[in-house]
Amino acid sequence: MKNFFTRKDNIIEDYYGTKVADPYRWLEDPASPETQEWVEAQNAVTANYFSAIPARAKISARLAALWN
């Protein structure tokens, strides 16, 4: 089973004396294999959650009707 927690790095920028944490900077590169793997894992978790919603088909049909 994959780890579903997002890694946090210890990156802190100093902007003119104000320290700003940027723990998710590694996600800023959408082309990196690590970011792509993270996105795929998050999409799998999300799809699994959404597929379990009982009213999903009804909501989807209503939205399609409104958009069309």
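Derivation of every value follows stated rules applied to the coordinates shown; laboratory data play no part. Quantities reported herein were computed from a predicted structural model and do not represent experimental measurements. Using ideal geometry, Cβ is built from the backbone for each residue, glycine included, and neighbour counts are taken over all protein chains shown.
General observations
- Of the residues screened, residue 14 is not one that is of a type in the set (Asp, Glu) and part of a loop (DSSP other than H, G, I, E, B).
- Qualifying residue in region 26-48 (condition: surrounded by 10 or more Cβ atoms within 10 Å (Cβ to Cβ), assigned to a loop (DSSP other than H, G, I, E, B) and among the charged types (D, E, K, R)): yes
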